[in-house]
Amino acid sequence: MTTTERRAPLAPPDGPASPPAVKPPVDLRVKALQRFAMSITVFTIAGHLVLGFEQAPITPVAAVLTSYVVAIALEWLDSWARDRTPEYAGGPRAMMTFLLPAHITALACAMLLYGNSSVWPYLFAVLVAHAAKYLVRVRVRGRLRHVLNPSNTGIVVTLLLFPWVGIAPPYHFTNNPTGAIDWLVPLGILMLGTMLNAGLTRKVPLILGWAGGFVLQAVLRWLILDEALIAALVPMTGVAFVLYTNYMITDPGTTPVKPRQQVVFGLTTALVYGVLVVCGVVFGLFFALVITCVLRWFVLVVAERRTRVRSAAEAA
């Protein structure tokens, strides 16, 4: 038999009561990165064990390890050159947070590229992705920001330099499942991605602009060029489109924040994609995003220069 000992309540301490502890604000960016990293890791493991990914199982492991090393090396080099503290400094938690984007970039390249039996194209894509973050930047309100989607840039440069490398075949996302599971996989990815972007990244306007623009470019190709409307819309039903829409184009670090600008970004990407398709460019999704990011880069540069000129005029 057990007994419960009743204890007298603790007396309040002498002196003025201490203020209640204030919880630090939740960093939505870090939380979104954590959810992104967790989602893409689970999907990669399921892809190689169940779904039927075509790449060798060693590919994501090699890509992630390479990504970690390159990310730390480039951050150390940049911090040393600019005499600043590296972002990964500050303990294990800071290091883990710093490596989250590197983790996502590596698994995205390992999942979306297909280099046959060679692992080097994936590692090259990861290297280019990280290099782009430091080589292509713009100063906004005194702070340097990268403007190119890292994983998408790595994929595009790899496709351009190595014509024998391609994008992973769309069927490999649901290669092995049959029946209802074949439908549940894209549905689950769509639901998780929508909740993530609605609750954390706040990129729903961008997604709506992108999806609406994709329908618009399909209708325009149908009306102007007499292309088959169904064929132009069919890509929206694939897992690759769902992944691209929820996990690639919505990168918080390289997309606008304001809702109206998000819609313009998504709409521009879709219209550029339509032009690329008309011109016969394959893998248009990835090239369209790079072109849109470069266009936004010019807009940011012009806006920053106008701000400096206006500030100088006001100070004179």
Percent RCO, i.e. relative contact order, over the chain, from Cα pairs under 8 Å lying at least 6 residues apart:
18
Through the Karplus equation 6.51 cos²θ - 1.76 cosθ + 1.60, θ set to phi - 60°, convert the phi angles of the range 258-274 into ³J(HN,Hα) values in whole Hz; use x for Gly and Pro.
5, x, 4, 5, 5, 4, 4, 4, x, 5, 4, 4, 5, 5, 4, 4, x
With every protein chain kept in the model, how would you rank Ser311, Ser117, Ser151, Ser39 by accessible area, 1.4 Å probe, largest at the top?
Ser117, Ser311, Ser39, Ser151
Using a probe radius of 1.4 Å on heavy atoms only, what accessible surface per residue do you get for the range 137-201? Whole Å² is fine.
53
Sorting Val281, Val156 on solvent-accessible surface, 1.4 Å probe, most exposed first, gives Val281, Val156
Each residue of the range 212-225 in order: what ³J(HN,Hα) in whole Hz does its phi give by Karplus 6.51 cos²θ - 1.76 cosθ + 1.60, θ = phi - 60°, with x for Gly and Pro?
x, x, 5, 5, 4, 5, 5, 5, 5, 5, 5, 6, 8, 9
Heavy atoms only, probe 1.4 Å: what % of the accessible area of the chain goes to carbon and sulfur, would you let me know?
68
What is the set of long-range amide H partners of Val140 at a cut-off below 5 Å, with H atoms built 1.01 Å from backbone N?
Arg145
Based on DSSP H runs of at least 4 residues, each adding -39500 (n - 2.57), what is the mean residue ellipticity at 222 nm of the chain after dividing by all its residues, to the nearest 500 deg cm²/dmol?
-20500 deg cm²/dmol
Work out which trypsin sites (Lys or Arg not before Pro) in the chain are exposed loop sites (DSSP not H, G, I, E or B, at most 15 other Cβ within 10 Å) and give the longest gap free of them.
142-316
Given the Cα-Cα distance of Glu314 and Asp78 and 0.36 nm per residue of separation, how much length would full extension add, in nm?
81.6 nm
Could you go through the range 295-304 in sequence order and give the Karplus-derived ³J(HN,Hα) for each residue, using 6.51 cos²θ - 1.76 cosθ + 1.60 with θ = phi - 60°, rounded to whole Hz, and x for Gly and Pro?
4, 5, 4, 4, 4, 5, 5, 5, 5, 5
Distances longer than 26 Å among the Cα atoms of the chain: what percent of all pairs is that?
54
At 1.4 Å probe size, put Glu304, Glu75 in order of accessible surface, largest to smallest.
Glu304, Glu75
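The values are calculated or read from the model by the stated rules, or taken from the named source; none is laboratory data. Quick caveat: nothing in here was measured; it's all calculated off a predicted structure. Note that we place each Cβ from the backbone using ideal geometry, even for glycine, and neighbour counts take in every protein chain shown. Please note that ligands, DNA and RNA were not included when accessible areas were found on the heavy atoms of the full protein model with its side chains. Shrake-Rupley method; radii C 1.70, N 1.55, O 1.52, S 1.80 Å.
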